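The values are calculated or read from the model by the stated rules, or taken from the named source; none is laboratory data. Bear in mind that the values here come from a model prediction, so they are computed numbers and not experimental data. With ideal geometry, Cβ positions are generated from the backbone for all residues, glycine too; neighbour counts draw on all protein chains shown.
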Amino acid sequence: MKRNEIDQKDKWDLSTVYPDADSWKQAFLTTKQQLSVFPELEKNMLDSAENLYQTTRQIIETGEQVNRVYTYAHLKYSEDTTNPDSKKLMGEAQNLLTAYSEATAFFNTDLLRLTPDQLEAFLNQHEQLREYEILLLETCRWQPHILSKPEEKLLSAFHKERETASDTYETLTSADLKFGEILNEEGESVELTDTNYTLFLRSDNRLVRKMAFKKLYAAYESHKNTFASLYAGQLEAEKVIAKVRNFDSALQMSLFGDHVTPEIYQNIIDSISGHLDVLFRYYRLKKKVLGLKELHIYDIYLAMLPDSEKKYTYEQAVEEVLSAVKIFGDEYAAILKQGYASGWVDVYPNEGKVGGAFSGGCATTNPYILLNFQNTEEDVSTLAHESGHSMHSYFTRKYNPLQYADYTIFVAEVPSTVNELVLAYYRLEHAQTREEKLSILNHLLELYKATIYRQIMFAEFEKLTHELSEQGEVLTAELLCNQYYALNKKYFGNEVVLDQEIAMEWMRVPHFYYNFYVYKYAVGLTAASHIVKRIRNHEPGALEDYFAFLKLGTKKNPIESLKIAGVDMTKTDAFDSAVEMFSQLLDQFETLWDEK
């Protein structure tokens, strides 16, 4: 449909941000004018506690005005990217965001010139400055790793060069790498691409799966030395930057911002890889359900069951999500219900609308949800997921001042995944047929396998290869393939036939250029599992702990934030709990399957 053909009740209400485009324009001009105060504030910021307070307050308050201007423009653009007025708003908002970043870039650099004693003296002298204490201390935490102004400027000048390996990787894989043609299920010759490869791996025709697998990795193998050179270059750049910034390793540098230590990272790997027996059970079950004598690596993405064809209206989806989240109590469900009714959600796809889904907004607006609802069961899960983000935003913004009214990426996926799990368990309890239950269990099993075990295998590969680089090893294609194959052997055991081509899979994982990011996926599902288990078991204090976490904002670092929710990443309990849930889901699936 065109945008104007959609019922107003199914669109988000942006009038609560700005009544109209003219109001936005006035706010844009006012905010842009406010940027002119920062050069003067920069000159005297460290002269007194009062000056530091005024500068910090102005940066926070102006930053929120910029965010509000940007939020409106971004949401207008997202609802219809073909609208020239929205394109113009978006361009102006992006320019304002850039101008704000440039105008306030001095703050962190200059703040780090203060010694801990000087900062403490300022805090003692000025009661209102204490309101920003956590923010200021967190910035100053980077002091040992910040260089002089000339050195920082020089390092910044090489920022684009540091991205060369990842940029080249993206160009090679998205534009230049070709895989040739294979025969599809109908015997037709079709071009194999990195996109349709995943579809072919889910084909019911085993020969198609095998051909796609071997054809794809033949192309990667022909470029293996180029991929090895790119990956080695990425690791070398991170190693050098870590050394220059006085970190012990690239791993420590990547984890530092989230208050995660290399020991915690290793604990996560050890905790999950110590429970591979449960993963092996999953593959044995899959082999049995699929009726295969041998489960090859190109068989593991074939669904054990066909996808559910159950259809939902949006109204039914809302009702199901609201019913599921009643486990959190009346307040949570009532707030979400009111949000749905008051224009939080943009429901249906229309011409020009961006794809996928997201939760947006800023500290002084409602949380907004973009959907492209098309009546599938997966769309209901997406609504639950994005509602989890939005409720996290709602509570964070309601209970915190501007400087703490946000949350880090490290914890962002926890509430959204909590909602997904709560919805899945609600569906299990209300499923009418054995087939429905098996379908839900199948999706949950795939979620745990892919999000926890697979991402931890990737995390372990990253750690191993960085360590080899830091020890002076030359990362040849042969070495990288051997390391990756050995890890696959560890994580698949004897349950899956490891075709030799899988040794080259590391070449097609773009996340290896994100520097120790993938483990966060496993952390999100692990934490969510532990929280849901506590709530479903009616553990004393479980709900109170979860709400305290939702309301926390950035007043505590990510590791301490999760502890508030009852999840301690420095210990093994949460990981043991997640694996136990995975095991119980296996039990339920196997029992139901054997009933036929």
- Only one of (1) in contact with a Lys or Arg (Cβ under 8 Å, 6 or more places away or on another chain); (2) surrounded by fewer than 20 Cβ atoms within 10 Å (Cβ to Cβ) fails for SER86. Which number is that? (2)
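Report yes if ALA503 is farther than 24 Å from ALA232 by Cα, part of a helix (DSSP H, G or I) and out of contact with any strand residue (DSSP E or B) (no Cβ under 6 Å at 6 or more places or on another chain), otherwise no. Walk me through how you get there before you give the answer.
On the way: farther than 24 Å from ALA232 by Cα: no; part of a helix (DSSP H, G or I): yes; out of contact with any strand residue (DSSP E or B) (no Cβ under 6 Å at 6 or more places or on another chain): yes.
Considered against the rule, which asks whether it is farther than 24 Å from ALA232 by Cα, part of a helix (DSSP H, G or I) and out of contact with any strand residue (DSSP E or B) (no Cβ under 6 Å at 6 or more places or on another chain), ALA503 comes out as no.
Residue-wise test of (1) crowded, with 22+ Cβ neighbours inside 10 Å; (2) at pLDDT below 95.
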{"residue": "ILE531", "(1), (2)": "yes, no"}
{"residue": "PHE549", "(1), (2)": "yes, no"}
{"residue": "LYS555", "(1), (2)": "no, no"}
{"residue": "THR572", "(1), (2)": "no, yes"}
- Message: For segment 517-528, which positions are hydrophobic (A, V, I, L, M, F, W, C) and under 13 Å from the mean Cα position of the chain (by Cα)?
- Response: VAL518, ALA522, VAL523, LEU525
- What's the number of the condition VAL567 fails, among (1) in a loop (DSSP other than H, G, I, E, B); (2) out of contact with any His (no Cβ under 7 Å at 6 or more places or on another chain); (3) crowded, with 16+ Cβ neighbours inside 10 Å? (2)
- Which numbered condition PRO144 fails, given (1) over 24 Å from GLU40 (Cβ atoms); (2) of a type outside the set (Ser, Thr, Tyr); (3) in contact with a helix residue (DSSP H, G or I) (Cβ under 9 Å, 6 or more places away or on another chain); (4) assigned to a helix (DSSP H, G or I): (3)
- Query: What number goes with the only condition from (1) assigned to a loop (DSSP other than H, G, I, E, B); (2) without any contact (Cβ under 8 Å) to a residue 12 or more places away in the chain that LYS88 does not pass?
  - Reply: (1)
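Go through segment 150-230 and tell me which helices (runs of 4 or more DSSP H), entirely inside it, have 2 or more residues that are surrounded by fewer than 16 Cβ atoms within 10 Å (Cβ to Cβ) and among the aliphatic types (A, V, I, L, M).
On the way: elements: 159-162, 164-171, 194-200, 206-222.
Of the helices (runs of 4 or more DSSP H) lying wholly inside segment 150-230, those with at least 2 residues that are surrounded by fewer than 16 Cβ atoms within 10 Å (Cβ to Cβ) and among the aliphatic types (A, V, I, L, M) span 206-222.
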- Could you look through segment 305-347, keep only residues that are modelled with pLDDT under 95 and under 27 Å from the mean Cα position of the chain (by Cα), and pick out the one that is surrounded by the fewest Cβ atoms within 10 Å (Cβ to Cβ)? ASP307
- Item | segment 364-396 - residue that is within 19 Å of ILE335 (Cα to Cα) and more than 20 Å from the chain's Cα centre (by Cα) and, of those, surrounded by the fewest Cβ atoms within 10 Å (Cβ to Cβ) | THR364
- Query: Under 9 Å by Cβ, and 6 or more places apart or on different chains, what pairs join a residue from segment 309-324 that is more than 15 Å from GLU386 (Cα to Cα) and in contact (Cβ under 8 Å) with a residue 24 or more places away in the chain with one that is hydroxyl-bearing (Ser, Thr, Tyr) and not in a helix (DSSP H, G or I)?
  - Reply: LYS310/THR376; LYS311/THR376; TYR312/THR376
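Among the listed residues TYR521, TYR484, identify the single one that is at pLDDT below 95, touching a helix residue (DSSP H, G or I) at 6+ places or on another chain (Cβ under 6 Å) and buried (at least 20 other Cβ atoms within 10 Å of the Cβ).
On the way: TYR484 fails: at pLDDT below 95.
Being at pLDDT below 95, touching a helix residue (DSSP H, G or I) at 6+ places or on another chain (Cβ under 6 Å) and buried (at least 20 other Cβ atoms within 10 Å of the Cβ) holds for just one of TYR521, TYR484, which is TYR521.
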